[in-house]
Amino acid sequence: MFTREAVLDALSKVNDPELHRSLSDLKMVRAVHVHDGRVEVTIALTVPNCPMKDRIVADVQTAIHALPQVEDVKVNLTTMTAEERKSVFGEPTEGMAAKYNRVKRLVAVMSGKGGVGKSLVTGLLATALVHEGSQVGVLDADITGPSIPKLFGLCGPINAGPVGLLPLRSEAGVKIMSFNLLLETDDQPVVWRGPLIGRAITQLWNDVLWGDLDYLLVDLPPGTADASLTTLQSLPVNGIVMVTTPQSLSAMIVRKAVHMAQIVGVPIVGVVENMAYFTCPDTGKRHLIFGPSHADEVAELANAPVLSRLPINPFIAALCDEGKVESVTLPEVASMINTFIEAVPSMPAPLNLDRVS
């Protein structure tokens, strides 16, 4: 017959899925009762409404059911108090969350030009990667003009976990963090100079508990100044997706961003041309609303493939306005995702996001 000690030993081998420490080490196991083949345990979550509680419960049940003669397992949940969290983790400090994060690939979505659809491309890529079975996060680095929360239909508040801020989760499971989610209202302006904006970006990297991710996509603001430079030089970016539109003016400005990426030594993994054409619903004929494509020229300069040419579609705009970017389905996105996955190099081991300055 199994014993209480056997149950405790089994639970000592179950890890918190984001903190990578055992439930016993984190003092999350509060009570264990064993009687006639039945086990009842109480687990104290580190924060209320823990997004990983279902995973924790499933892992606890699996570990205990593996013991011989266990017939039934009941898991009760409670929550640590602030004092209990402090006794386990100590006082939260700046950059503490980074020690618990493990990211395989970090990709920046960039343009140099405003209004070309960087946030849309970021949202479509994140959604497609999740549908491929990947764990995905989006860091909104556009501090003064954020679009990501609106696209995913998310609003604050952001909750603090035991070691850092907890990103919100979209309906499909994408982890989202944007400075706009920390503001009192979504139309409150951030009137900051460049150094403060760069500082905010590094804090979204250092002080957010991203956990385990296959991809962290960074939605960059327009331009080649402080925000983009901070991201590309301070964060371990694996590659860049460059977004452009057909206009010659847009292509010229995007080429500036390509040269910047080459100067800082971050590879461009692909080019996406947004608003490439409009298909008339009555005739099916394609119209080049913004003129002929310059995507091939940008791609040649970037030494990267054209991943996709996305159409102008009023229904896409309507879904994004409703916060439903994850409901957008485009064959152009489905066709580019395999090329994107192959083009983005994986780190040799999951990257521990040590604090950057």
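Evaluate the relative contact order of the chain (contact order divided by residue number), counting alpha-carbon pairs under 8 angstrom at least 6 apart; express in whole percent.
Computed over the chain, the figure is 20 percent.
Along Cα→Cβ, 7 Å out, is where each label goes; now give me the distance between the ones at S327 and N15 in nm to one decimal.
A separation of 3.8 nm, rounded to one decimal place.
Collect residues whose amide H, placed 1.01 Å from N in the peptide plane, falls under 5 Å from the amide H of V272; neighbours closer than 5 in sequence don't count.
Amide H neighbours of V272, under 5 Å, 5+ apart: M242, V243, T244, L307.
State the three equivalent ellipsoid semi-axes of the stretch 157-199, derived from the C-alpha gyration tensor as the square roots of 5 times its eigenvalues, in descending order and whole Å.
Ellipsoid semi-axes (Å, largest first): 22, 14, 11.
For L106, what residues show an amide H to amide H distance below 5 Å, using hydrogens built from the backbone and excluding near sequence neighbours?
L216, N238, G239
To check you understand DSSP bridge types, tell me what percent of the beta bridges within the stretch 1-157 (both residues inside) are antiparallel, rounded to 5.
Bridges in the stretch 1-157 are about 45 percent antiparallel.
If packing is taken as the average count of other Cβ atoms within 10 Å, what order do 145-156, 63-74, 268-279, 12-23 fall into, highest mean first?
On the way: 145-156: 20.3, 63-74: 13.8, 268-279: 22.6, 12-23: 17.4.
Descending mean neighbour count gives 268-279, 145-156, 12-23, 63-74.
Run the count for the stretch 98-352, please: Lys pairs, Cα-Cα under 22 angstrom, 8 or more apart or on different chains.
So the count works out to 12.
Would you mind estimating how fast the stretch 87-242 diffuses translationally, via Stokes-Einstein at 37 °C and 0.692 mPa s with the Kirkwood radius over Cα pairs, in µm²/s?
211 µm²/s
If all Cα-Cα distances of the stretch 4-89 are sorted into 10 Å bins from 0 onward, what percent lands in each bin, rounded to whole numbers?
Values per bin, smallest distances first: 18, 55, 24, 4.
Along each of its three principal axes, how wide is the spread of alpha-carbon positions in the stretch 37-130, in whole angstrom units, largest first?
Computed over the stretch 37-130, the largest-to-smallest principal extents equal 64, 34, 21 Å.
Would you list C50, C280 from fewest to most Cβ contacts within 10 Å?
Taking fewest neighbouring Cβ atoms as first place, the list is C280, C50.
Arrange the following residues from fewest to most other Cβ atoms within 10 Å of their Cβ: S248, S308, S24.
If I rank by nearby Cβ atoms, fewest first, I get S248, S24, S308.
Residue by residue, what Karplus-based ³J(HN,Hα) values in Hz, rounded to whole numbers, does the stretch 115-131 have, using 6.51, -1.76 and 1.60 with θ = phi - 60° and x for Gly and Pro?
Couplings: x, 8, x, 4, 5, 4, 4, 4, x, 5, 4, 4, 5, 5, 5, 4, 5 Hz.
Distance between Cα centroids, the stretch 6-37 to the stretch 65-97: provide it in whole Å.
8 Å
Among DSSP beta bridges lying fully in the stretch 4-89, give the percent that are antiparallel, nearest 5.
That works out to approximately 45 percent antiparallel.
According to a simple spin-label model (label point 7 Å from Cα along Cα-to-Cβ), what is the distance in nm between L182 and L229?
Distance between label points: 2.2 nm.
Can you list the aspartates and glutamates whose alpha carbon sits under 19 Å from that of K27, skipping same-chain ones fewer than 8 residues off?
The qualifying aspartates and glutamates are E5, D9, D16, E18, E40, D54, D59, E83, E84, E91.
Taking 0.36 nm per residue of sequence separation and subtracting the Cα-Cα distance, how much length would be gained by fully extending the chain between A66 and L196, in nm to one decimal? Spell out each step's value before the answer.
Values: separation 130, 0.36 × 130 = 46.80 nm, distance 5.21 nm.
Gain in length upon complete extension: 41.6 nm.
Taking the C-alpha atoms of the stretch 179-220, how large are the radius of gyration and the largest Cα-Cα span, Dmax, in Å?
That works out to 12.2, 34 Å for Rg and Dmax.
Give the calculated FRET efficiency between H35 and D212 to the nearest 0.05, with a Förster radius of 30 Å applied to their Cβ-Cβ distance.
0.25
What fraction of the Cα pairs in the stretch 76-123, stated in percent, has a spacing above 19 angstrom?
Values: 674 of 1128 pairs.
Tail fraction, whole percent: 60.
Go through [x] 1.05; [y] 1.10; [z] 0.96 and flag the label whose value is the computed Rg/Rh (Cα atoms, Kirkwood Rh) for this structure.
Calculated Rg/Rh (Cα atoms, Kirkwood Rh): the matching label is [x].
Report, for the stretch 98-352, the % of DSSP beta bridges that are antiparallel, rounded to 5.
For the stretch 98-352, the DSSP antiparallel bridge percentage is about 20.
Using only DSSP helix segments of four residues or longer, with each worth -39500 (n - 2.57), what per-residue ellipticity at 222 nm results for the chain after dividing by its residue count and rounding to 500?
After summing the helix terms and dividing by residue count, I get -9500 deg cm²/dmol.
Bear in mind these aren't lab numbers, they're just calculated from the coordinates by the rules spelled out. Keep in mind it's a predicted model, so treat the numbers as computed, not measured. Using ideal geometry, Cβ is built from the backbone for each residue, glycine included, and neighbour counts are taken over all protein chains shown.
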